[in-house]
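Below: one structure, written as structure tokens.
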Amino acid sequence: MKFVIDDWYTAHRKGEVIMEYKGEFTPELITNLLDVSESRLDEVATPSKIRKKIYNSLVEGLQNLFHHSCKVDIDKQGAVFGAALLLKVGESFKLILGNYTQSDNERFLTDRIEQINSLSKDELKQLYKMILNNKEFSEKGGGGLGMIDIARKTGSKYEYNFYPIDEDYIFFELMININ
Amino acid sequence: MESIVRDGTQKTPSIEFDAEAGKVEIKGRSIPENSIEFYNPLIAWLEEYSGNAKPTTEVNIQLEYFNTSSSKCILDVFKKLEVIAKAGSDVKVNWFYEEDDEDMLEAGEDYQSIIKLPFKMIEIEE
């Protein structure tokens, strides 16, 4: 079945919406999304400990979209880089991120997520420190630390999916529960 | 040597690097998309300071949030401070964290385990 980002978005937009966005990610936009999320999280009166974990995951998640999304205009659906949803489902929070990327990245992303999901909290801490101290960061920053940091702080496992677009592109969906 | 004093913004921390007072202070949020751009002048300042450091250098790090892109830059700040300590200044790091913010305490402990400087973990009320 053909992938339609609007359908994907609608299918995932369930629960109480804390923050949502679909389109191009710029530093200014991310600042706005963080502001909105922060005041909305204050309103839902979550303990500050959880609020901080959510905010932190948002910063890393949104900045990953900024650094790694690519612009694809599929079937004139509009040139969309990616999408982000922060939902409150029952008592827990769900961060859903989606972006277009080159098909070649599927293997790499799968390996990285599977690796992160397989590690304990302490192993994630060791991996984080090793990358922080030893590896050169790319110009885009991160060096893969963002995804490790989210997993480490939330203590959750990633759920993910890839949707084929065409020969060159896929849509990458990443979800994390925070509670 | 000139001081660096900057107000904090939504994405960058307030800075007070004062050579006369031997004080290095970073407070607030450090979540810019391009951290290197923000931290480069600070690293350069520390390099210059290492040549004429005060007998004591007090370092106060009080961050509410920092992103992983800043984490490497903060490590670079600490590495410069290690050099300053080797050159003879008594460098003391105060790492502040809000009560219940175990993640920020743990982040301080990560640096403490990598960097050979005395760290003092200080809990502050929200």
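Which distance in nm do the two modelled labels at A:Asn105 and A:Asn161 give, with both placed 7 Å along the Cα-to-Cβ direction?
Result for the modelled spin labels: 1.9 nm.
Would you kindly calculate the translational diffusion coefficient of the protein assembly as shown, applying Stokes-Einstein with the Kirkwood radius from alpha carbon pairs, for 37 °C and a viscosity of 0.692 mPa s, and quote it in µm² s⁻¹ without decimals?
So the translational diffusion coefficient is about 160 µm²/s.
Between A:Ser48 and B:Glu125, how many nm apart are label points set 7 Å from Cα along the C-beta direction?
With each label placed 7 Å out from Cα toward Cβ, I get 1.1 nm.
For helix B:35-51, report the angle its Cα long axis makes with the longest principal axis of the Cα atoms of chain B; keep it between 0 and 90° and round to the nearest 10°.
Around 30 degrees separate the two axes.
Find out how many positive minus negative residues lie around A:Pro164, taking Lys and Arg as positive, Asp and Glu as negative, among other residues whose Cβ is under 11 Å from that of A:Pro164.
In short, -3.
So if I take the alpha carbon set of the range A:1-111, get Rg, then get Rh from the Kirkwood formula, what is the Rg over Rh ratio?
Values: Rg = 14.6 Å, Rh = 14.9 Å.
Here the Rg-to-Rh quotient is 0.98.
Count the net charge of all other residues whose Cβ sits under 14 Å from the Cβ of B:Lys92, scoring Lys and Arg as +1 and Asp and Glu as -1. Don't skip to the end; give the middle numbers.
Numbers: positive: B:Lys23, B:Lys54, B:Lys116, B:Lys120; negative: B:Glu25, B:Glu58, B:Glu82, B:Asp90.
Cβ neighbours under 14 Å give a net charge of 0.
Mind scanning A:Lys53/A:Lys88; A:Lys88/A:Lys125; B:Lys27/B:Lys86; B:Lys54/B:Lys80; A:Lys153/B:Lys79; B:Lys54/B:Lys86 and naming the pairs with a C-alpha gap bigger than 20 Å?
Correct reply: A:Lys88/A:Lys125; B:Lys27/B:Lys86; A:Lys153/B:Lys79.
For the protein assembly as shown, what does the helix formula give at 222 nm: sum of -39500 (n - 2.57) over DSSP H segments with n ≥ 4, over the residue count, nearest 500 deg cm²/dmol?
Numbers: 9 runs with 133 residues, N = 305.
The per-residue figure over the protein assembly as shown is -14000 deg cm²/dmol.
Where the centroid of each part is defined by its Cα atoms, how far is the range A:77-126 from the range B:48-124 in Å?
Computed from Cα coordinates, the inter-centre distance equals 31 Å.
In chain A, which helices (entire DSSP H runs) extend 15 Å or more along their own long axis, judged by Cα positions, while averaging at least -1.0 on the Kyte-Doolittle scale?
Passing helices, by number: A:27-43, A:48-68, A:121-134.
Compute the angle between helix B:68-86 and the longest alpha-carbon principal axis of chain B, please, reported from 0 to 90 degrees and rounded to the nearest 10.
30 degrees
Every number in this text was worked out from the coordinates using simple rules, so none of it is lab data. Bear in mind that the values here come from a model prediction, so they are computed numbers and not experimental data. Every residue, glycine as well, gets a Cβ built from its backbone with ideal geometry; the counts of neighbours run over all protein chains shown.
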